Amino acid sequence: MNKVYVVGIGPGGAEQITPQARTAMERAEVLCGYMVYIDLVRPLYPGKEVFTTPMTREIERCRRCLEFAQSGRTTAMLCSGDAGVYGMAGPLLQLCPEFPEVEVEVVPGVTAALSGGAALGAPLMHDFCVISLSDLLTPWETIENRLRCAARGDFSICLYNPSSKKRADYLRQACDILLEEKSGETVCGWVRNIGREGQERRVLTLGELRGETVDMFTTVFIGSSATQAVSGWMVTPRGYEAKR
């Protein structure tokens, strides 16, 4: 069978891998992915053949995955979170015209906006947007514009890739942009190591968030003007109470 499953494995914990994702990985003869993601599922499938590449070699990884499938070996391309949210579904599907005999199925997973949001409470109950602060593939000027538009639209905002060794001050810069439109008392939160051992969370204000030190394993949430801190939770009202 010439088939590739593009599988979102969730934030990392085995309990957050969906049954559909587990079935796809069980059917696959070869598991492809970034080594960190392969290591997360290797204990579940110790006998599977694996193919990995380091970061920045995503296209090579997708092409090799399709080549395995073209040769008749059912293959799974693994991504953290959801395969279609900053994952490998896009680049792999873009290569599909070169492999017309390969069937592709995209298997959804639990992305960090949802799993991290659950850890904080209900920060995304109303309209929200997701923005990555990584400028490896997107110019920083574009990211700045998206942050300003999201702030002016009063969306709740979820930030992926908020910091790294080379981008240590990007979260501070993002907060400065948001503070042009938002109050420093805006309710915010962050979650580190979502669904994995050592998970941490904090609810704080936008003014306090500006001085926080975070890493690539952290997902950051900035509330709308309606977002509240309720008994240690971050809650963005949907408006049900207004119907009473």
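Of all residue pairs spaced 6 or more apart or on separate chains, those with beta-carbon atoms under 6 Å, a first member in region 115-138 that is over 25 Å from ALA168 (Cβ atoms) and a second member that is open to solvent by 30 Å² or more (accessible area, probe 1.4 Å) and of a type in the set (Phe, Trp, Tyr) are GLY121/TRP233; ASP127/PHE155; PHE128/PHE155. What's the total number of residues in region 150-172 that are open to solvent by less than 50 Å² (accessible area, probe 1.4 Å) and farther than 19 Å from GLY12 by Cβ? So the count comes out to 8. For region 191-215, which residues satisfy the criterion of being under 16 Å from ARG172 (Cβ atoms), open to solvent by 20 Å² or more (accessible area, probe 1.4 Å) and in contact (Cβ under 8 Å) with a residue 24 or more places away in the chain? Those that are under 16 Å from ARG172 (Cβ atoms), open to solvent by 20 Å² or more (accessible area, probe 1.4 Å) and in contact (Cβ under 8 Å) with a residue 24 or more places away in the chain: GLY207, ARG210, GLY211, GLU212, THR213, ASP215.
From THR142, THR138, grab the single residue that is open to solvent by 20 Å² or more (accessible area, probe 1.4 Å), of a type in the set (Val, Ile, Thr) and part of a loop (DSSP other than H, G, I, E, B).
On inspection, the qualifying residue turns out to be THR138.
Can you name the residue in region 83-123 that is assigned to a loop (DSSP other than H, G, I, E, B) and open to solvent by less than 30 Å² (accessible area, probe 1.4 Å) and is also nearest to ALA226 (Cα to Cα) among such residues? In this case the residue turns out to be PRO123. The number of residues in region 230-244 being hydrophobic (A, V, I, L, M, F, W, C) and surrounded by 18 or more Cβ atoms within 10 Å (Cβ to Cβ) comes to 2.
A Cβ distance below 8 Å, combined with a sequence gap of six or more or placement on separate chains, defines the contacts here; from region 64-79, residues that are among the acidic types (Asp, Glu) reach residues that are open to solvent by 10 Å² or more (accessible area, probe 1.4 Å) in the pairs GLU67/PHE99. Taking each residue of region 87-108 that is under 21 Å from ARG22 (Cα atoms) and at pLDDT 95 or above and looking for partners that are surrounded by 14 or more Cβ atoms within 10 Å (Cβ to Cβ) and aromatic (Phe, Trp, Tyr) with beta-carbon atoms closer than 7 Å, six or more apart or interchain, yields GLU105/TYR5; VAL107/TYR5.
The values are calculated or read from the model by the stated rules, or taken from the named source; none is laboratory data. In this text, all values refer to a predicted model and were calculated from it rather than measured experimentally. Backbone-built Cβ (ideal geometry, glycine too); neighbour counts: all protein chains shown. To get the accessible areas, we keep the full protein, side chains included, count just its heavy atoms, and leave off ligands, DNA and RNA. Shrake-Rupley method; radii C 1.70, N 1.55, O 1.52, S 1.80 Å.
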